[in-house]
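Encoded as structure tokens, the structure appears first; notes follow it.
Coordinate-derived values only; no laboratory data. Because the structure is a prediction, the values reported are computed rather than measured. Here the Cβ positions follow ideal geometry from the backbone for every residue, glycine too, while neighbour counts run over all protein chains shown.
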Amino acid sequence: MSISVRSSLVLSVVLLPGFLLTPADLPAQSTATDVARQVDQLIAEEIGGESAAQISSDEVFLRRAFLDLVGEPPTSNDLLAFSLDTRADKRAKLVKQLLADDGYGTNWGRYWRDVIMFRRTEDRAILSQPALEEFLVTEFNANTPWNSIARQLITATGNVRENGQTGLIMAQGGRPEDTVAEISRIFMGIQIQCAQCHDHPTDRWTREQFHQLVAFFPRVAVRPTMMGNARSFAVIEKPELKGTLMQPVFFATGQQLQTGVLDKDRRETLSSWITSPENSWCAKALVNRLWSELVGEGFYEPVDDIGPDRDCSAPRTLDLLCNELTAHDYDIKWLMETILLTRTYQLESRNRRSLDELPFQANCPQRLRSDQLFNSLLAVFDIEDVVSDRPAAYGPAMRQGRGAPRLLFNSMFGFDPSTRRDEIGGSIPQALAMMNSPFINQQINAQHGQMLAPLLAEVNDDRQLVEELYIRVLSRQELRVCLDFRRGINSRSEAFEDILWALLNHAEFIHRK
């Protein structure tokens, strides 16, 4: 992978405290470099000074950026090339290169697949997951604006196996109450579902407002259908059905429709209102979520419970990023680039802060999502993702041709990305899988493994081999402990099997610093 990319020019934006600008008020197309600088300045002002933490080393930044953007670790060649690059802007060039890689769309498409699917109320929605993932991967690699992706998911109809846009509605079984609750949570970060049966206990939203939101989806449903010989479902609209009369009103802005508007027009209108710059919560939800995922701590926590009655740790900084995002037409890659170029993102890694400490003093370690962890194993072992030739044996999702090892791995290591990362811990089954799974044990076998056996034959120097394993597994070098261990074991192959096993089970491997 090349790390040579184009550089950017610089513009500046001045933001008054607490004042939310419209896109027309902002300079045209401010660069990521400049906005990143403005972000760091505003954070320092809002939290009372610049963090004393150091900037992360090149090794840490390289692995962090690779895992965050393309969902896999750098290779030894990537590490060598980056360490030899003496240009002052090499980090900015790397970020641009990774954003242009197809792995970017795959990584973030899978992230949003999990955001949608982990809160599903309809288990049969697993049938729609492959199409949903394919849709999201394609849209992210094409850098489709976030407001367009959101509108497609909100207004979708059709067969759930074919139209990935239907995945969000299918995940909730087409039930209007569940669907609008997820739309509000995912695209605005507001959990209005708590107002379904009574006024919200901790927010200003009322029960009437919840049902006025449901009125945008009065006759949307999911019905069984067939796709060839395979059973499937379709998201449909049934305008001839009658329901409870309720005027559609969008709670976030007070905009409303008349009761006679067609169902299709209701959803299209709602999707436009949600993603309009006039509704600041759409941009805030996306910026806050991505900032939390990349920096390790959001402006609001958790990322899907924000709103006017929640406390924001740096509101002016958040407003700046939101204003710039809308000025850049919801350009997700631009937002990613901006965040990665901030000093805040590039700070060294430290444990999550306590409640009495200031925010954003360092980057927080993040537990790898299941796909990132599986990709890391594939990279260490230098093998391709495996697709089963007998997909029916692994249930409905496997009938879509997905690889069995990844699916089985995801079922054990997967977690809801909307959950606070400090609430996500490992489990005994996960630890046992890393220590004893046939998949891993076969790969570390020094006689028949895919990677270690040829390395032992090719690399005679133990020091060089230890360095190679450290770079493959942790993207860094460390020698003394492993060399001391090697000298205590007579069998070279057995010693390096143990070293590789220990590195894979190191806490650092399942986290990104």
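Can you give me the Kirkwood hydrodynamic radius for the range 103-269, using every pair of distinct Cα atoms, in Å to one decimal? Could the numbers behind the result be given before it?
Values: mean 1/r = 0.0611 Å⁻¹.
Taking every pair of different Cα atoms in the range 103-269, averaging 1/r and inverting gives 16.4 Å.
Couplings for the range 432-443, taken from phi via the Karplus curve 6.51 cos²θ - 1.76 cosθ + 1.60 with θ = phi - 60°, read 5, 5, 5, 7, 10, 5, x, 4, 6, 4, 5, 6 Hz in order; Gly and Pro are left as x.
Sorted fewest first by neighbouring Cβ atoms within 10 angstrom, Glu268, Glu458 come out as Glu458, Glu268. Between the range 208-222 and the range 107-131, the C-alpha centres lie 22 angstrom from each other. Charged neighbours of Asp123, selected by a Cβ distance under 15 Å, balance to +3 (K, R count +1; D, E count -1). With neighbour counts taken as other beta-carbon atoms within 10 Å, the residues His506, His198 rank, fewest first, as His198, His506. Note that the range 210-220 has calculated 3J(HN,Hα) couplings of 4, 6, 5, 5, 4, 5, 6, 10, x, 10, 7 Hz, one per residue in order, obtained from phi through the Karplus relation 6.51 cos²θ - 1.76 cosθ + 1.60 (θ = phi - 60°); glycine and proline are x.
Listed by Cβ neighbour count within 10 Å, with the fewest neighbours leading, Phe439, Phe496 appear as Phe439, Phe496.
If contacts are Cα pairs under 8 angstrom and at least 6 residues apart, what is the relative contact order of the range 217-368 in percent?
Relative contact order of the range 217-368: 14 percent.
Solvent-free Debye calculation, one equal scatterer per alpha-carbon of the chain: log10 I(q)/I(0) at 0.11, 0.13 Å⁻¹ equals -1.01, -1.33. For the range 328-389, the alpha carbon convex hull comes to 176 Å³ per residue, rounded to a whole number.
Spin-label model, Gln247 to Ser57: label points 7 Å out along the Cα-to-beta-carbon direction sit 6.4 nm apart. Taking the C-alpha atoms only, the angle from helix 32-47 to the longest principal axis of the chain is near 80 degrees. Converting phi to 3J(HN,Hα) with the Karplus coefficients 6.51, -1.76 and 1.60 and the offset θ = phi - 60°, the range 138-146 yields 4, 5, 5, 5, 7, 6, 4, x, 4 Hz in sequence order, with x at every glycine or proline.
With an a/c value of 1.5 or above and a/b not larger than b/c for the gyration tensor axes a ≥ b ≥ c computed over the alpha-carbon atoms, the range 287-365 is described as oblate.
Could you please report the charge total around Glu467, scoring K, R as +1 and D, E as -1 over all other residues with beta-carbon less than 11 angstrom from its beta-carbon?
On the way: positive: Arg463, Arg472, Arg476; negative: Asp461, Asp462, Glu468, Glu478.
Neighbour charge sum, excluding Glu467 itself: -1.
Each label was represented as a point 7 Å from its Cα along the Cα-to-Cβ direction; for His448 and Asp461 these points are 3.3 nm apart. Among the lysines of the chain, pairs at least eight places apart or on separate chains and with Cα atoms under 21 Å apart come to 9. Spin-label pair Gln41-Ala502: with each label point 7 Å from Cα along the Cα-Cβ axis, the two points sit 5.0 nm from one another. A simple count of charges around Cys322, restricted to other residues whose Cβ falls under 11 Å of its Cβ and scoring Lys, Arg +1 and Asp, Glu -1, yields 0.
FRET efficiency for the pair Glu177 and Asp484, taken as 1/(1 + (r/R0)^6) with r the Cβ-Cβ distance and R0 = 45 Å, rounds to 0.15.
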